[in-house]
1. What nm value, rounded to one decimal, do you get for the distance between ILE19 and ILE357 when each label is placed 7 Å out toward the C-beta?
2. So, for the range 259-331, what is the accessible surface per residue at a probe of 1.4 Å, expressed in square angstrom?
3. Hey, can you rank 239-245, 287-293 by average C-beta count inside 10 Å, highest first?
4. From the phi of every residue in the range 94-100, what ³J(HN,Hα) in whole Hz does the Karplus formula 6.51 cos²θ - 1.76 cosθ + 1.60 yield, where θ is phi - 60° and glycine or proline is x?
5. I'd like to compare 471-478, 206-213: which one has the highest average count of other Cβ atoms within 10 Å, and what's the full order after that?
6. Using the Kirkwood formula over every pair of different C-alpha atoms, what hydrodynamic radius in Å results for the range 27-95?
7. Can you give the accessible area of ILE264 in Å² (nearest 10), computed on protein heavy atoms with a 1.4 Å probe?
8. Quick one: Cα centre-to-centre distance for the range 187-236 and the range 411-434, in angstrom?
Amino acid sequence: MLISLSSSSLLVVFFILLIISGLSGLLFLHPRVPLRYVRIHIGIVALPSLVSLVPLFDKSVNGDVGPWHLDSLAWLMAFFVLSIGLIIQRYSVRYLMGDRSYRKYFTLFTFITGFASITWLSGDLRLMVICWGATLAGLTLLIRLNRGWLAAREAAKVSGRLFTLSWFSLLCAVILIFQVTGQWQLSLALTDESLAQIGAWYRTGINLLIVLAVLIPAAQWPFQRWLVESVVAPTPVSAIMHAGLVNAGGIMLTRFSPLFNGDIASIILLLLASISVLIGSGISLVQVDYKRQLVGSTIGQMGFMLIQCALGAYVAAIIHLILHGLFKATLFLQAGSAVQRSQALSRINERSSYVWIMAGRALGFLVGVAFWFKAADEGYQLVSALILGWSFSVSWTQLVAFGEGRIGRIAGLSCLGGAAIVYLIIHSFFYEWLHTSVHHSAQLPMSVVIIVLCLLLFGSAIGAWVSRKRSSVSFAVVYLWLIRLGEAKPKSVESHPNYLKQYISEGGKLR
């Protein structure tokens, strides 16, 4: 009873502050409210984020309260979403100054992050679906905010259609779960007794609907078009997508993880995510526009996150979700400061040591093998071993092999060791927070994992081979195909935005 009371008290405080944040955003829409009020609004928005941090260190305030499922995972996602939203709104104070929709941006930012945080705190499936739909609708409005621009309108149309399909798919899955189990409460609908009532075909159908619902927001092939089109939106809009929206697949699959038992839905998710990794990496390599490079990288990274979910490594997927969101939002916010350093890199390559590079590759191989032998029967362990060994080899090459003399290599070794320690600390913290909140589902057969790894390695090998044959027809075909995938549709491109003429004729007045 004491736990319930403390949980209720914290939840009431959290929602009061969240409502005050929303009212503050609505107040800022009024033209008589001075623009300097935005700094007060930022201070108000920071309060719910601070409250959501408390349960991460005080487990006594966790527990189910009415339609809310309050565990470490729910509060962690609420803190993450609200904190990213706070940082982006603070960045936008000066960045968006002068935009005629200046006030609307902050209101939509506030409501999107507010509804997203409520989504992951929800224990009632109906409430989760409603709040998630509101979040996707808010993102569509945010992309379309500059509706005088043809490119923005077309991007919003593409996003809106795909988001509607995603939301409808989740709605159908939730309705099917209720029809079979008779429960709207997530924790009750996914118990062993409730899951035993779901037949094999019903379960597969529900899982496929959930997979479709997460593939679209994650911009996975063949649904990556909305993210490619969305680059026309201002940079803070691209950044806010990483506050639990484009990377929402990790948390959604984690919540529904008891349903997944290595069936055909998991295999389809694994294959589509693997294809998306290759396509996203290819787009990021061939694009010259920095934001489109980041979009391609996001497609690939979200593919890897979904691979982690398909293999049952949900804690690793949550860690990936949060760290990638922080990292990629930062890259989008500094997109205007991107500078190529090809000359510096070419000088470093001239000083590289072949012996040190080969030593790094050998050590990377040994590290990967040692990591795999820790749990050789788990599919994700094989993927992790491959990635860890490759990452170690690349890091060694950049930090040690390319080091300038003995001092440079010692410094590189120190950085590599420091990064390894930070990695272990971060993972230990996250595993301590999440190990009781995340369900461990059945593992896919090792044969499926090996096939997917072969697909990734084969695709990478083909890409490397084609890149060396730059005068061949194969290179031209692959290059142009990736360019087309990473570009907007021709009708979405407006070389001379007509809305600027009206804006200039009005004297550039802010409304």
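The values are calculated or read from the model by the stated rules, or taken from the named source; none is laboratory data. The structure presented is a predicted model; accordingly, all values stated were derived computationally and were not measured. As a convention, Cβ positions derive from the backbone with ideal geometry for all residues, glycine included, and neighbour counts pool all protein chains shown. SASA here: full protein model, heavy atoms, side chains in, ligands and nucleic acids out. Shrake-Rupley method; radii C 1.70, N 1.55, O 1.52, S 1.80 Å.
1. Between ILE19 and ILE357, the label points sit 6.3 nm apart.
2. 27
3. 239-245, 287-293
4. Computed from phi, the couplings for the range 94-100 are 9, 4, 8, 4, x, 6, 5 Hz.
5. Output ranking for 471-478, 206-213: 206-213, 471-478.
6. Answer for the range 27-95: a Kirkwood hydrodynamic radius of 13.7 Å.
7. 80
8. About 31 Å separates the Cα centre of the range 187-236 from the one of the range 411-434.
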